[in-house]
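Colleague: Got a structure for you, questions after.
Values in this text are rule-based calculations from the coordinates and carry no lab data. Not measured: the values here are computed from a predicted model. Cβ: placed from backbone, ideal geometry, glycine included. Neighbour counts: every protein chain shown.
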Amino acid sequence: MNDELENQAEEPTQEVAKPKTPSLFRNFISFAGFAIVIAALTSIALLVMVEFSGGSDNPYTVLVTYILLPSVMGFGFFVAIVGALIERRRRRRQPDSPIAPYPVLDLNDPSRRRSLVTLIAGGFIFLFLTAFGSYRAFEYTESVSFCGEQCHTVMKPEFISHQAAPHASIKCVDCHVGGGPEWYVRSKFNGMRQLYAVAFDTYDRPIKTPIHNMRNANETCAKCHWPEKYYGDKLKVFNHYGYDENNSLRQIRMMIKVGGGSPERGEIGGIHWHMNLDNEITYVATDERRQEIPWVRMKTKDGQVIEYTSASANLTAQAIEQAEKKRMDCIDCHNRPAHIYLSPNQAVDQAFAAARLDVTLPFLKMKAVEVLARKYNTEDEAVAMILADLPRYYRETYPDVYSAKRASVDAAASEVASIYRTYFFPEMKTDWSSHINNIGHFNAQGCFRCHDGQHKSPEGRVIRNDCAVCHTTLDQTFAGQRIVPADGLFQHPVNLGDRNTWQCAACHTGDRAFQHPLNLGDISRFQCAECHTGQNYKITK
């Protein structure tokens, strides 16, 4: 008995191992957070595999993969951490479950050492994925798809017209933002304001233009276009098709005096004289769209200043002094470089010239412009009516033509419907009349905003409106007859009298063959020469 007690006394006392403290993340709130993280991470992995395999070109894929799901994953981590903090607070309140204020990092403990290595490796992987995702998110927010397709209704006119414009390969941000961090930050803050407008349906219909806070064109356009280059004269061919039964071609071939340049590099002159680096043109516009320009100031290389005021303007010296002034740059004339909305007349003319419409279909120009110019509530309504009305017109009016050229009639209806989808957006009230093109002066004042012969200086100088200042007419074709103007000046088919009184847009509205400034009733009874005798008759609005 004594031996047994002695042996027990000699045996070492074994310490009872303390139970391992459960992780603070072992709670239902943290479990829910980790479930969100795992679901988001799995979705990101699947979508990345889809993107790299080329299985999807949907613009929403990138938005969901690199912006939405990472945000969801971050929210899951936040929920898990909140759950851990709540669990920690609960344990500290219980006397039988003491917990240290901060975790103990003991590298001699293999378990904690493995946890630390796992944490560091996971952190590096997470930072790499975050950097890659952030870059892809940045890249996507700079893309045309993000700018044009995420807000379908709002930006649809700009996106669709951009695809049909000469600058279709240029990204939106290259013109609307440009380089440098300052304008990038500005654009993102402006984007937040626009997002609010979209979310609460307070955006303008149509989107207002011009953009008054847009970056100067010398910092965007001039990155690709060389302001100092002398371009000389460029041949331009204008094809206009008549509203008669034969859709008769009227063609004008002109040499446009583009000009440009700088004295240091060679010739100067032409239309781009306005943007000559030695000249400074400043103007005052009295309307938001900058179509009414009553005052212009020109400053030459040698410092000479000449101010021109419109004869119809009622501006005092004080009003001019207080008015907002803008220095002329590229987009004052090239105001639709990337979002062009053609008028019905011009769009149909281009379709004829490209042989997308059959010129042998009688009165096709007239009918196509008619259906395009109607007022529709929605695009779907417009397309449905165009596809129905054009074939019905030929079926009822020209049954023989319809029977013989059924394919051409159907193709014409499809082409006219395509034209409508490209340049007309009734939901946003956007078309050629809401977004005026200032190049030329056919359907809008354009050049004539200043070059109207009515802007004069106190010294008696006038901003000229001579045709020869900007272009020379080589030849014209009317009704199959070729005309070569001896003086290089455009010859109107009807004698309109004094050329200095011409305002093309007063009659050529873009949506019909001709709209007289005065309501003369049935247009088929017009005999223009009865009034237009060539004796300096002035057309008034």
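Colleague: Which length gain, in nm to one decimal place, applies between Glu459 and Thr316 when the Cα-Cα distance is subtracted from 0.36 nm times their residue separation?
Modeller: Details: separation 143, 0.36 × 143 = 51.48 nm, distance 1.71 nm.
Between Glu459 and Thr316, full extension yields 49.8 nm more.
Colleague: Using alpha-carbon pairs under 8 Å, 6+ residues apart, how would you state the relative contact order of segment 344-423 in percent? List each step's numbers first, then the result.
Modeller: Details: 61 pairs, mean separation 29.1, N = 80.
About 36 percent, as a whole number.
Colleague: Quote to one decimal, in nm, the extra length available between Arg327 and Ile439 on full extension: 0.36 nm per residue of separation minus the C-alpha distance between them. Mind showing how you got there, number by number?
Modeller: Working: separation 112, 0.36 × 112 = 40.32 nm, distance 1.78 nm.
Full extension of this stretch gives 38.5 nm more.
Colleague: I'd like the FRET efficiency for Ala388 and Val359, computed as 1/(1 + (r/R0)^6) with the beta carbon distance as r and R0 of 30 Å, rounded to 0.05.
Modeller: Numbers: r = 23 Å, r/R0 = 0.76.
E(calc), rounded to 0.05, equals 0.85.
Colleague: Residues in segment 153-172 near a label at Ala197, defined as backbone nitrogen under 15 Å from the 7 Å Cα→Cβ point?
Modeller: 153-159
Colleague: In nm², what is the average projected area of the convex hull enclosing the Cα atoms of segment 344-423?
Modeller: Values: hull surface 18.6 nm².
Dividing the Cα hull surface by four gives the mean projection, 4.6 nm².
Colleague: Turning to a different aspect of this structure: Mind checking the log10 I(q)/I(0) for segment 144-265 at q = 0.11, 0.15, 0.20 Å⁻¹? Debye, one equal scatterer per Cα, no solvent, two decimals.
Modeller: -0.62, -0.93, -1.19
Colleague: Does segment 390-500 come out rounded, prolate or oblate by the C-alpha gyration tensor, with a ≥ b ≥ c the root eigenvalues, rounded set by a/c under 1.5 and, if not, prolate when a/b is larger than b/c and oblate if not? Mind showing how you got there, number by number?
Modeller: On the way: a/c = 3.76, a/b = 1.74, b/c = 2.16.
Oblate is the answer for segment 390-500, as a/c is 1.5 or above yet b/c matches or exceeds a/b.
Colleague: Sticking with this structure for a sec: Could you work out how far apart the two model spin labels at Asn190 and Leu46 are, taking each label as a point 7 Å from the Cα in the direction of the beta carbon, and quote it in nm?
Modeller: The two pseudo-label positions are separated by 3.9 nm.
Colleague: Let me ask another. Determine the equivalent ellipsoid of segment 144-203 by diagonalising the alpha-carbon gyration tensor, then write out the semi-axes as square roots of 5 times the eigenvalues, largest first, rounded to whole Å. Write out the running numbers ahead of the final one.
Modeller: Details: eigenvalues 75, 67, 9 Å².
Taking √(5λ) for each Cα gyration eigenvalue gives 19, 18, 7 Å.
Colleague: Which FRET efficiency value, to the nearest 0.05, do you get for Glu292 and Gln94 by plugging their Cβ-Cβ distance into 1/(1 + (r/R0)^6) with R0 = 56 Å? Could the numbers behind the result be given before it?
Modeller: Numbers: r = 78 Å, r/R0 = 1.40.
About 0.10, to the nearest 0.05.
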